[in-house]
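Novice: Can you keep this structure in mind? I'll have questions shortly.
The values are calculated or read from the model by the stated rules, or taken from the named source; none is laboratory data. Computed from a predicted structure; not experimentally measured. Note that each Cβ is placed from the backbone with ideal geometry, even for glycine, and that neighbours are counted across all protein chains shown. Accessible surface is based on the protein model in full, side chains and every heavy atom, while ligands, DNA and RNA are left aside. Shrake-Rupley method; radii C 1.70, N 1.55, O 1.52, S 1.80 Å.
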Amino acid sequence: MKQLKYLKILNFAKTTLEDYNNWGETEVYKASQELPNNKAILEEQQKTFTVKPLNAKEQLDILRQQVKDCKGCPLCKTRLNAVFGEGFENADLMFVGEGPGYDEDHKGEPFIGKAGQLLTKIIEAMGQTRDTVYIANIVKCHPMIDPSSPEKRENDRPPTPSEMQVCKRYLDMQIDIIKPKIIVTLGASSTKCLLNSEESISRIRGAVQKYNGFKLVPTYHPAALLRNPGLKKFVWEDMKKVIHFLSTGEI
Ligand code: SF4
Ligand code: URA
């Protein structure tokens with residue numbers, strides 16, 4: 001709109017100068033020839049007026065601030081820290097857990113407790129690091145069995161369907177900004193929430209799904225592997241599929 005207006009003004013100026021010339025007033029017209037041409041002026045204008053679109057990191061920073069201030073559900077009242085997510089803003093691979101636990105609530109970072117340390121090992125076994133992937137949760141604040149005691153250990157619970165439904169909008173925006181080639185949901189909660197499926201995690205794991213047009217592979221939650229190490233081989237099977245897809249584009 002601005003450009004169009006500017007062009008109209010330039011054209012008007014040009015015809016006026018040509019009129020001057022036709023009337024015999026050549027000095028002004030000659031001087032106008034020294035001016036930069038329309039294109040150069042327009043390019044200069046564009047540099048001044050065009051608003052640069054925000055890059056992925058800038059968009060995530062804005063969203064992180066919104067999550068920090070969010071009062072969208074009652075979990076805001078008891079959180080110590082909102083846990084937004086972390087990693088590479090243009091990651092090909094994104095992990096989605098259910099929600100922060102005690103350690104994550106205390107530090108404001110996802111997956112840093114015992115289950116998180118196992119997830120870090122899985123990521124490294126895949127030839128990646130926590131900095132080359134993106135790690136997030138469905139809910140950003142710590143769901144507690146006893147919300148009056150955020151300092152208490154063994155006080156974690158899975159998020160309720162309504163907490164997940166409210167908070168999921170932030171995850172959807174994160175996915176939209178990061179545009180991963182593939183999402184791995186960790187455990188039954190995040191899988192059910194994103195896929196709206198009643199299928200058990202033992203049946204659906206490893207099977208490629210779609211979420212908002214993004215490829216998604218469900219697998220077991222690392223906390224389940226800590227309780228039952230026999231499940232590790234299944235997670236590795238699923239992750240090999242993901243590695244193959246990331247290197248060949250085929251799944
Ligand atoms: Fe907001 Fe999500 Fe935290 Fe609820 S869990 S307060 S919706 S950021
Ligand atoms: N479990 C999760 O689902 N997410 C975390 O961030 C930590 C533990």
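Novice: With the cut-off at 1.5 for a/c, could you classify the stretch 32-135 from its C-alpha gyration tensor as rounded, prolate or oblate?
Specialist: oblate
Novice: Pick out, from Ile123, Pro100, Pro158, the residue whose Cα sits farthest towards the positive end of the charge dipole of the stretch 99-159, with +1 on the Cβ of Lys and Arg and -1 on the Cβ of Asp and Glu.
Specialist: Ile123
Novice: Within the stretch 148-251, what percent of beta bridges assigned by DSSP are antiparallel, to the nearest 5?
Specialist: Of all bridge pairs located within the stretch 148-251, approximately 40 percent are antiparallel.
Novice: What's the magnitude of the charge dipole for the stretch 99-251 around its Cα centre, counting Lys and Arg as +1 and Asp and Glu as -1 at the beta-carbon? Answer in Debye, nearest 20.
Specialist: It works out to roughly 440 debye.
Novice: What does a probe at Leu195 reach in the stretch 214-251, counting residues whose amide N is under 11 Å from the point 7 Å along Cα→Cβ?
Specialist: Once the point is set 7 Å along Cα→Cβ of Leu195, 216-220 turn out to lie under 11 Å by backbone N, inside the stretch 214-251.
Novice: Once both axes come from the Cα atoms, what is the angle between helix 161-178 and the longest principal axis of the chain, in degrees from 0 to 90, rounded to 10?
Specialist: Once rounded, one gets 50 degrees.
Novice: Measure out, as a whole number of angstrom, how far apart the alpha-carbon centroids of the stretch 174-251 and the stretch 79-95 sit.
Specialist: Going from one Cα centre to the other spans 16 Å.
Novice: Also, I was wondering about something else. Quickly estimate the mean residue ellipticity at 222 nm for the chain, helices only: each DSSP H run with n ≥ 4 gives -39500 (n - 2.57), and the total goes over all residues, rounded to 500.
Specialist: -15500 deg cm²/dmol
Novice: What are the semi-axes of the equivalent ellipsoid for the stretch 56-248, taken as the square roots of 5 times the Cα gyration tensor eigenvalues, largest first, in whole Å?
Specialist: 24, 19, 16
Novice: For the chain, give the share of DSSP beta bridges that are antiparallel, in percent and rounded to the nearest 5; count only bridges with both residues there.
Specialist: Of the beta bridges lying entirely in the chain, close to 30 percent run antiparallel.
Novice: Checking the a/c ratio against 1.5 first, then a/b against b/c, what shape does the Cα gyration tensor give for the stretch 165-251?
Specialist: oblate
Novice: Related question: If you count only protein heavy atoms with a 1.4 Å probe, what accessible area per residue comes out for the chain, rounded to a whole Å²?
Specialist: Using a 1.4 Å probe on heavy atoms only, each residue of the chain averages 58 Å².
Novice: Here's a follow-up. What accessible area, in Å² to the nearest ten, does a 1.4 Å probe give for Met164?
Specialist: Accessible area, nearest 10 Å²: 20 Å².
Novice: Going from most exposed to least, what order do His142, His221 have by accessible area with a 1.4 Å probe?
Specialist: Heavy-atom accessible area, descending, gives His221, His142.
Novice: Students sometimes get this wrong: rank Asp103, Asp61 by accessible area, probe 1.4 Å, all chains present, largest first.
Specialist: Output order, biggest surface exposure first: Asp61, Asp103.
Novice: Then there is this: For the stretch 124-204, with all protein chains present and a 1.4 Å probe, just round the carbon and sulfur fraction of the accessible area to a whole percent.
Specialist: C and S fraction of accessible area: 51 percent.
Novice: Which value in nm describes the separation of the simple spin-label points at Cys76 and Trp236, placed 7 Å from the Cα toward the beta carbon?
Specialist: Going by the 7 Å Cα→Cβ label model, 4.5 nm.
Novice: Along the charge dipole of the chain, which of Tyr220, Leu194, His244 sits closest to the positive end, that is, farthest toward it, with unit charges on the beta carbon of Lys, Arg, Asp and Glu (+1, +1, -1, -1)?
Specialist: Value computed over the given set: Tyr220.
Novice: Under a plain spin-label model, where a point goes 7 Å from the Cα along Cα-to-Cβ, how far apart in nm are Glu151 and Met173?
Specialist: In this crude spin-label approximation the distance works out to 3.4 nm.
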